[in-house]
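The values are calculated or read from the model by the stated rules, or taken from the named source; none is laboratory data. Because the structure is a prediction, the values reported are computed rather than measured. Note: ideal-geometry Cβ built from the backbone for every residue, glycine included; neighbour counts use all protein chains shown. To get the accessible areas, we keep the full protein, side chains included, count just its heavy atoms, and leave off ligands, DNA and RNA. Shrake-Rupley method; radii C 1.70, N 1.55, O 1.52, S 1.80 Å.
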Amino acid sequence: MTVHTTPVALVGLGSYLPPQRITNEALCERLDTTDEWITTRTGIRSRHWAGPGVATGDLAVEAGHRALKSAGLEAGPGAVDLVVLATTTPDNPCPATSPDVAARLGLGPVAAYDIAAVCSGFIYALAAASAHIVAGQAQRALVIGAETYSTILNPADRTTNVIFGDGAGAVVLSAAPDSDRPGLLLDLDLGSDGTGRDLITIPAGGSRQRATTPEPDADDCYFTMQGKQVFTQAVNRMTASSQTVLDRLGWGAGEVDWLVGHQANVRILNAVARGLGIPAERAVVNLDRVGNTSAASIPLALADAAASGALTPGARVLLTAFGGGLTWGSAALTWPDIVPV
Ligand code: COA
């Protein structure tokens, strides 16, 4: 699916990580794994996990506050007229988390809804919010990716425990009548393939295998993933979707200043960069410090790259993500002149 978003700009960026840092060494104390395996197979050295009682909405509020501040907006009525929150780990199965986040930010009676596209969620949320702006239904939107995967990991599953982290990132999108300023969203590509639904899933707790009666097997209540198949799909889908965007914009690989891919595994990021002909040095990597934060992954990587000074105003940025569903998506933009918070 193609979404043309010419008059929409990114005008603010905020991020938040819960303070508790979990090192590879800490995981080795309770799981049959090694720092060497985790580092060489994934590139991850540590991740942050929210403590007991901390929910996804709590992280989303923090990141939302910061993104509004970065956009020069006070959290309060009229700051934005839409909140879209991408998450796999909502505060409750019902209702959505975003209305509560909007209320806690004091945003007034704005439209607010959640998006469930797993690790592609942030790109889907960008597409949804920018489409509302293009249609004239909103002037400014707060787009948040927030996750607490630590709440859905099977404590006995070494494959998922070493990979996933918690965190939140948010951007403010705005209608952009001044199309000469950097920050414009230039193109978006989205896709899905539901035949791969079982590769990434929480089998129980929905309407197909209910959380109540008959009581599900405890393992079915946790996040599960077929790592090897996901790896191949992630490389192929992100590469193809990115190439679609590049072709439509007429950009060669040399015109991409920064590739900001979903931070799943450094070997996946390198393979996507290689497939597109983009040097690995131009692929943003922060997964060594945060792990795979699913829907929060792209905005956290953007915040990291902006804070390090890598992203400069006018830089051409290509975003790409892949996740459960299966889903995938890519977006291109020029980097705005903003200070992330
Ligand atoms: N520590 C030590 N060994 C582990 C391990 C861990 N944490 N996790 C798995 N292994 C073992 C496996 O049991 C297997 O052992 P075996 O050969 O005796 O059967 C061996 O390591 C190789 O497993 P495999 O799954 O083939 O490894 P891999 O190179 O594919 O790496 C992933 C596994 C999960 C890191 C990799 O497939 C991956 O990153 N997939 C994508 C994950 C992702 O990000 N998904 C989210 C949505 S995008």
If we scan segment 162-180, do we find a residue that is under 30 Å from E281 (Cβ atoms) and modelled with pLDDT under 95? yes
Residue tally, condition crowded, with 22+ Cβ neighbours inside 10 Å and among the small types (G, A, S), over segment 152-166: 1
Confirm whether R237 is open to solvent by 60 Å² or more (accessible area, probe 1.4 Å) and within 11 Å of the ligand (Cβ to nearest atom). yes
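Could you say whether any residue in segment 124-134 is more than 19 Å from the chain's Cα centre (by Cα) and open to solvent by 30 Å² or more (accessible area, probe 1.4 Å)? Full working, then the answer.
Of the residues in segment 124-134, the ones more than 19 Å from the chain's Cα centre (by Cα) are 132-134.
Then keep just the ones that are open to solvent by 30 Å² or more (accessible area, probe 1.4 Å); that gives 132, 134.
There is at least one residue in segment 124-134 that is more than 19 Å from the chain's Cα centre (by Cα) and open to solvent by 30 Å² or more (accessible area, probe 1.4 Å).
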Starting from segment 235-260, take each residue that is of a type in the set (S, T, N, Q) and list its partners that are open to solvent by 10 Å² or more (accessible area, probe 1.4 Å) and in a helix (DSSP H, G or I), counting only C-beta distances under 7 angstrom and pairs at least six apart or across chains. T239/G275; T239/L276; S242/L276; Q243/L276
Scan (1) farther than 17 Å from T151 by Cβ; (2) of a type outside the set (A, V, I, L, M, F, W, C); (3) within 16 Å of the ligand (Cβ to nearest atom) for the single condition R47 breaks and write down its number. (1)
Go through (1) more than 16 Å from the ligand (Cβ to nearest atom); (2) in contact with a strand residue (DSSP E or B) (Cβ under 6 Å, 6 or more places away or on another chain); (3) open to solvent by less than 40 Å² (accessible area, probe 1.4 Å) and name the single condition G106 misses. (2)
Quick check on segment 110-123: of everything there that is in contact with a helix residue (DSSP H, G or I) (Cβ under 6 Å, 6 or more places away or on another chain) and assigned to a loop (DSSP other than H, G, I, E, B), which residue is surrounded by the fewest Cβ atoms within 10 Å (Cβ to Cβ)? V110
Where in segment 14-83 are there helices (runs of 4 or more DSSP H), lying fully within it, with 2 or more residues that are of a type in the set (G, A, S) and surrounded by 18 or more Cβ atoms within 10 Å (Cβ to Cβ)? 56-70
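Could you grab me the full set of residues in segment 320-338 that are open to solvent by less than 20 Å² (accessible area, probe 1.4 Å) and modelled with pLDDT under 95?
Within segment 320-338, none qualify.
Take the residues in segment 258-276 that are small (G, A, S) and away from the ligand (no atom under 12 Å from the Cβ); name whichever of them is farthest from R45 (Cα to Cα).
As a first pass, look at segment 258-276 and keep what is small (G, A, S): 261, 264, 271, 273, 275.
Checking which are away from the ligand (no atom under 12 Å from the Cβ) leaves us with 273, 275.
Working: A273: 21, G275: 25 Å.
The residue in question is G275.
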Selection count, segment 142-192, where residues are under 20 Å from S294 (Cβ atoms), in a loop (DSSP other than H, G, I, E, B) and either away from the ligand (no atom under 16 Å from the Cβ) or over 19 Å from the mean Cα position of the chain (by Cα) (or both): 3
Can you pull out the residues in segment 255-291 that are farther than 19 Å from S150 by Cα, open to solvent by less than 20 Å² (accessible area, probe 1.4 Å) and of a type outside the set (G, A, S)? V256, L259, V260, I268, L269, V272, L276, I278, V284
Six or more apart or on different chains, Cβ atoms under 6 Å: show the pairs whose first residue is in segment 324-341 and in contact (Cβ under 8 Å) with a residue 24 or more places away in the chain and whose second is of a type in the set (D, E). L326/D193; S330/D189; A332/D187
The residue that is surrounded by the most Cβ atoms within 10 Å (Cβ to Cβ), considering only those in segment 292-319 that are over 26 Å from D178 (Cα atoms) and touching a Ser or Thr at 6+ places or on another chain (Cβ under 6 Å), is A295
Residues of segment 84-94 classified as touching a residue at least 12 places away in the same chain (Cβ under 8 Å) and open to solvent by 20 Å² or more (accessible area, probe 1.4 Å), total: 4
